Amino acid sequence: MKKITEKVLLEKGSPKTKRLEEIKSLNLSKLGLKSTDLPVKLLSRLRSLERWDLSGNRLQEFPKNLELPKLIFLDLSDNQMEDVDSIAALCSLEEVKMEDNLYITVSDSYKLMTLLDNLRSYNGKHITTTANHVRFVFTKNLRTRIIALWERNYSLPDPLTMDKMAALEEDFVDAARRQVKYGPSSLSDFTKWKVGILAREYLRSLTEPKEDLSNKTTVSQIHGDRSTRSSVSSVESDSEVLTPVKRKQAPALRDSDLQLSPRKMARSEPAVSSSAEGSAGKIKLRPKSRTITSGTVPVSPTAGGQCLSTSTRSSAKKEAASKIGTPPRIVPVNGAKSGRKETSDDVMKSINKTQPVRLEPLHVLQCHSKQDNPEDFSTQLWSCAFQPQPDSSGSRLVATCGGDSLCVIDCETGVVMKKYKATGEEFFSLAWSTVQMSRGADDPVQPCSILAAGGKRGLVKLIHPRCNVAYGEFRASRRALSVLCFNHRQGNFLFTGCYDNKIVLWDIGGVDSKYNFKVVQLLVLESSSTPLHICLPPTRPDTQLLAACDDGLRYYNAQLTANGATKRSKEAEVTFPVYENEDKDLNYHTIDGLRFLTDDIVASKNFTHSCIYLWSWNRTRSQQPDKSRCVRAIVLAKLRWARTEIPYLALNTCPGRSYVVCGDSEGKVWTYHIANLQDRFQAEKPIGPTEVLQWPAPVREGLGQLEGPSINCLATDPDLQYLVALSDKNMVTVWKRAP
């Protein structure tokens, strides 16, 4: 047995750091540890610990009074645990492993589901459906039986004294444990344990005064109206699912102050407007927030076979979501200069010189909070997209996802129009499309705008926002989904990228008036790592596909053929000049940003490299791949970007205005008006940003401003009237083009 000291924790923890408070993952497996060998005072310093492996030891119980507020994964496999009560204090746990513990019974497993409200996975299996049944349905039935027993055989003593109540409680609880039966006999121990708790709670409710809820109602009106009233519980699948990993497995940091995990935790800073008329979690903006032009911002270059058919119905579960709240009061913001303006599309030489636009911060919303908690600054937001219009005009509606919810926001008013919740889910990606809806034999088929969303459970949720219906789902993988992308020429073709290193093309078909639909798998593209972004060439979306992955950028032949071949590997990998500078400490192969700017020009970003490449897709693809099936990107220009080691800060483009936009780890948005750069293409020196939009410094009155978070994702409407940025601290920032 090895004594647990600070030195041991630093050696066994990651990322490598000199401070216990920065450790996120700890492996203390197979050390022969007993419960008394775990020093509570020392371990309590692991305030950022998220994953802890204690498998293969001799633990009989978990240390008491140990607080680990961010622990979400605990492996206690192959120990000598006798019960699970000692784990109850770790309330943030989402995944627990207890295999090969001789004394842990099925009743203990069910007890764990009630003790840990956030538990989603047990022994590698997704148990949200079972856990919710135990927490709600099972408990409700027990409570009903307990109340019936009381009303049939018991009443409060008169006079009411402590001695009489103590005797009554003992008798009532004992009778309830013996007489209240529910569920299979294998759960009898769990049932007796739960009945004892519920019986005592019911008896206290008869004698203790009711809690005054007036204050809570007020708080709900201020913080939760627009988040809770329209929530929709998504249909939960009973099928078994492999435990998904965290969304994006990031390389280890050299700077311990940077957080790479997709569960980056924010400081607990308040951020909600105190006005009940404000938007859901609306945060006030500081009047002094300004953007800085590229001429003044200090940004140094040293500063990213057979078709598998799946027939799926809507399960008759149509989930309605109502409009949320009233239009908020717009908080005036002074200054905040930032923007650019229009240009054409085609090739580099055809880009027109135009004037940049000016963008000003309009709203900061906190609408994805867990349990509608206004103090939630840990939920990370991962994907956003504007609703496409048939005539390619601009749209005010943007969809955002993060945590267990998806929101549709009106950018002008800041109102969350719709919100959908899926218990146990963590959404990583979404995409808009248009499919055909048949309303009957006598009615013509009409286009229907839908949303697809997916995340750690491997399920694709299909939503019809206009009719407030989450109409169905299908399983795309047994691992987490990392990205979704529709074919813009054929709206029923959906590509899904996931953590099993595959990109799959699905035909989701249309829907009828009862929301019946059918899903067919058409094609599987093999990758060697997780796909992070999928791009289809604007002019040939049915034939080619680019995939930015954790270990490089690849392109594939995505054309469906008559011979029915359903599996393919890459055609070639695109390499970049920065790869020549790699060493054992630097790996630039992770492509965490990818978008087409024109039909030919692609913008991409290599993790940890402080620039964005603009390169020619046609000229690059025309090359003959070498023996290792690689082609070198024909780079047209390099755009200088922030110096950061935080991965997965995705870039975006606005082809209609010739803009490239990308956020950084300090809440700033770097914007590049490519129309003004055409004369400097192929220059060796990186080109600076047109403007850098500063973090708008939102404040809550009396409690100061919020520091700039990492900007995980951005979206613009086609005409750049609005720019939306999602952060890793549960904030949606909306910028608007000034007149």
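The values are calculated or read from the model by the stated rules, or taken from the named source; none is laboratory data. If you're wondering where the values come from, they're calculated on a predicted model, not measured in any experiment. Note that each Cβ is placed from the backbone with ideal geometry, even for glycine, and that neighbours are counted across all protein chains shown. The area values use the complete protein model at the heavy-atom level, side chains included, leaving out ligands, DNA and RNA. Shrake-Rupley method; radii C 1.70, N 1.55, O 1.52, S 1.80 Å.
To the nearest 20 Debye, how big is the dipole of region 585-631 about its Cα centre, given +1 on the beta carbon of each Lys and Arg and -1 on that of each Asp and Glu? The partial results should precede the final answer.
On the way: 6 positive and 5 negative charges, 31 e Å.
Dipole about the Cα centre, nearest 20: 140 debye.
Relative protection proxy for 651-662, 612-623, from highest mean packing down: 651-662, 612-623 (other beta-carbon atoms within 10 angstrom).
If R0 equals 30 Å, the separation of the Cβ atoms of ARG439 and ARG396 corresponds to a calculated FRET efficiency of about 0.65. Descending by average beta-carbon neighbour count within 10 Å, the peptides 132-141, 429-438, 577-586, 457-466 line up as 457-466, 429-438, 132-141, 577-586, the highest first.
For region 558-668, with all protein chains present and a 1.4 Å probe, just round the carbon and sulfur fraction of the accessible area to a whole percent.
Values: 1780 of 4180 Å².
Exposed carbon and sulfur together represent 43 percent of the surface.
Quote the FRET efficiency, to the nearest 0.05, computed for ARG619 versus ASP171 with a Förster distance R0 of 60 Å and r equal to the Cβ-Cβ distance. Mind dumping the intermediate values first?
Numbers: r = 86 Å, r/R0 = 1.43.
Here the calculated transfer efficiency is 0.10.
If each residue of separation counts as 0.36 nm, what is the full-extension length gain between ALA738 and ASN557 once their alpha-carbon separation is subtracted?
Taking 0.36 nm per residue and subtracting the Cα distance, the gain is 60.9 nm.
Computed from phi, the 3J(HN,Hα) profile of region 358-374 under the Karplus parametrisation 6.51, -1.76, 1.60 (θ = phi - 60°) reads 10, 10, 10, x, 10, 9, 10, 10, 10, 10, 10, 5, 5, 6, 6, 7, x Hz, with x in place of Gly and Pro. Remark on GLU426: its backbone amide H falls under 5 Å from those of LYS456, ARG457, a criterion applied only to residues 5 or more positions apart or on other chains, H modelled at 1.01 Å from N. Near the amide H of LEU545, within less than 5 Å, lie the amide hydrogens of TYR556, ALA558, all on another chain or at least 5 residues away, with H placed in the peptide plane.
For GLN179 and GLU61, what is the calculated FRET efficiency with R₀ set at 30 Å and r taken between the beta-carbons, to the nearest 0.05? Mind dumping the intermediate values first?
Details: r = 31 Å, r/R0 = 1.05.
Efficiency, rounded to the nearest 0.05: 0.45.
In this rough spin-label picture, where each label sits 7 Å from Cα along the Cβ direction, the SER186-THR105 distance is 1.3 nm. What does the C-alpha gyration tensor say about the overall shape of region 570-626? Classify as rounded when a/c is under 1.5, otherwise prolate if a/b is larger than b/c, or oblate. Since a/c reaches 1.5 but b/c is at least a/b, the shape of region 570-626 is classed as oblate. Sorting 554-561, 22-29 by average packing, meaning the other beta carbons within 10 Å per residue, from highest down gives 22-29, 554-561.
Be a star and scan region 552-587 for residues whose amide nitrogen sits under 17 Å from the point 7 Å along the Cα-to-Cβ vector of GLU526. Of the residues in region 552-587, 554-558, 565-573 have backbone N under 17 Å from the label point off GLU526.
Mind scanning LYS97/LYS518; LYS30/LYS64; LYS30/LYS97; LYS64/LYS456; LYS418/LYS605; LYS7/LYS70 and naming the pairs with a C-alpha gap bigger than 26 Å? In this structure, LYS97/LYS518; LYS64/LYS456; LYS418/LYS605 exceed 26 Å between Cα atoms. Taking 0.36 nm per residue of separation and subtracting the current Cα-Cα distance, fully stretching the chain between GLU580 and CYS467 would add 35.4 nm. Summing charges over neighbours of MET437, with a neighbour being any other residue whose Cβ is under 12 Å away from its Cβ, gives +1 when K and R count +1 and D and E count -1. Computed from point charges on the beta carbon alone (+1 for Lys and Arg, -1 for Asp and Glu), the dipole magnitude for region 548-660 about its Cα centre is near 340 Debye.
Let me know the shape class of region 20-64, please: from the alpha-carbon gyration tensor, a ≥ b ≥ c as square roots of the eigenvalues, rounded when a/c is under 1.5, otherwise prolate if a/b is greater than b/c, or oblate. The partial results should precede the final answer.
Numbers: a/c = 2.44, a/b = 1.44, b/c = 1.70.
Here region 20-64 falls in the oblate category.
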